[in-house]
Amino acid sequence: MSGIHSAYTDITNVISQTVACLAEAANAGVLHRDISAGNITIRDGQIRVIDWGCAKLLNTNLPGIKEVASEWGFDLDEIKENDKACNGIIGTPAFMSIRVLLGHPTRCLIDDIESLFYVVLQALSYYSHGSSLFAEPQ
C-alpha cells in the first residue's frame with residue numbers, strides 16, 4: 001500500500017508544481033503550448049517545465065518579459081519567429097487539448113492544463129506497472 005501512496009504523492013507534487021509554473025508563465029504572458037511527459041522533469045527535487053520552443057507570447061510588450069525569457073531559458077526572438085511560422089496546431093499531438101485538436105483559433109492556460117491531465121494519465125499507467133514516469137536522474 002505504501003507504493004501506491006508514494007505514487008499518488010509523486011503525481012500530486014507533479015500536478016501542483018506544474019500548474020504553479022504554468023500559471024506563473026501565463027501571468028507573465030507566456031503559454032507553453034507543448035506540455036507533454038517529455039517536457040516535465042525533476043531537477044534538485046523540484047519539478048521543472050522544459051522546452052519552451054513552442055511557447056506563445058501573449059503580449060511581447062509586458063514589462064520584464066526579457067528578464068522572464070532569460071530566467072526561464074528561452075530566446076524571446078525565437079519564440080516570436082516560431083509563432084509566426086506555425087499555425088495553431090503546435091505541440092505534441094498525444095497531449096494536445098481537445099480544443100486545439102478541433103482547431104480552436106486561440107489557446108489559453110486551460111489548454112496547457114488539459115495537456116497536463118494527459119501526462120497524469122500516462123504517469124498513472126507507469127505507476128500501475130511498477131515504474132515512475134518522473135524519476136530524477138541519478
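Things to note:
- Taking the helices alone, the chain has a mean residue ellipticity at 222 nm of -16000 deg cm²/dmol, built from -39,500 (n - 2.57) per DSSP H run of at least 4 residues and averaged over all its residues.
- Electrostatic bookkeeping for R107 treats Lys and Arg as +1 and Asp and Glu as -1; over the other residues with beta carbon under 9 Å from its beta carbon, the sum is +1.
- In terms of packing, defined here as the mean over residues of other Cβ atoms within 10 angstrom, the peptides 65-78, 45-58 line up highest first as 45-58, 65-78.
- Label point 7 Å beyond Cα of V19 along Cβ direction - residues of segment 29-58 with amide nitrogen under 16 Å: 47
- For segment 14-110: rounded, prolate or oblate by the Cα gyration tensor [a/c cutoff 1.5]: oblate
- Per-pair calculated FRET efficiency, R0 = 41 Å: H129 and C108 via Cβ, rounded to 0.05: 0.75
Laboratory data are not the source of any read-out in this text; all were calculated from the coordinates shown. Remember, predicted model here, so these are calculated numbers, not experimental data. We place every Cβ from the backbone using ideal geometry, glycine too, and count neighbours over all the protein chains shown.
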